[in-house]
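S.K.: What follows is a structure written as structure tokens; I'll ask about it next.
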Amino acid sequence: MTRSAIVALALDILVVITFVVVGRETHESPFDIAESARIAAPFMTGLGIVWLFPKVRQSSWRVLTGVLVGAVTAASGIALRALVLADGISGAFPIVATAYIVGLMSLYRVILALRTRQPA
């Protein structure tokens, strides 16, 4: 994997971590590293799966890749959360999770594309 792809993957991991931290803070949950890791695990699994595809690694900085990576990460994370952890996915959670993850995974790619005038 190229250095550029590694940086993009690291930023995608950071998006998932901030999603968990912000979500727990929003619900006024005390900081607990084990619980945070448990919550992040389904989303990290989804992220890992999508990054296995060579096309994602080859075009890791494209905006469309960010949308795809974010959508797969959110969808698989929500599904795994429900199926494996038996955690709730009712209410606004799926919408908020998807918007946050897809939005941020796309946003830094949009900013880079605008700064470097690369095709999205």
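S.K.: Sort 69-78, 96-105, 47-56 by the packing proxy (mean of other Cβ within 10 Å over each peptide's residues), most packed first.
M.R.: Details: 69-78: 22.4, 96-105: 18.9, 47-56: 14.9.
The most tightly packed comes first, giving 69-78, 96-105, 47-56.
S.K.: Pop out the Kirkwood hydrodynamic radius of segment 31-76 from its pairwise C-alpha distances, inverse of mean 1/r, in Å to one decimal.
M.R.: Working: mean 1/r = 0.0890 Å⁻¹.
It works out to 11.2 Å.
S.K.: Now, a different point. Is the shape of the chain best called rounded, prolate or oblate, per the rule: a/c under 1.5 gives rounded, else a/b larger than b/c gives prolate, else oblate, with a ≥ b ≥ c the square roots of the Cα gyration tensor eigenvalues? List each step's numbers first, then the result.
M.R.: Details: a/c = 1.98, a/b = 1.77, b/c = 1.12.
The shape class here is prolate.
S.K.: Given charges of +1 on the Cβ of Lys and Arg and -1 on the Cβ of Asp and Glu, with all other atoms neutral, how large is the dipole of the chain about its Cα centre, in debye to the nearest 20?
M.R.: With Lys and Arg at +1 and Asp and Glu at -1, about 720 debye.
S.K.: Take the alpha-carbon centre of segment 5-46, take the same for segment 51-93, and report the distance between them in whole Å.
M.R.: Comparing the Cα centres of segment 5-46 and segment 51-93, I get a distance of 13 Å.
Values quoted throughout were computed directly from the atomic coordinates according to the rules given, and no laboratory measurement underlies them. Worth saying up front: this structure is predicted, and the values here are computed from it rather than measured. All Cβ positions, glycine included, derive from the backbone under ideal geometry; neighbour counts span all protein chains shown.
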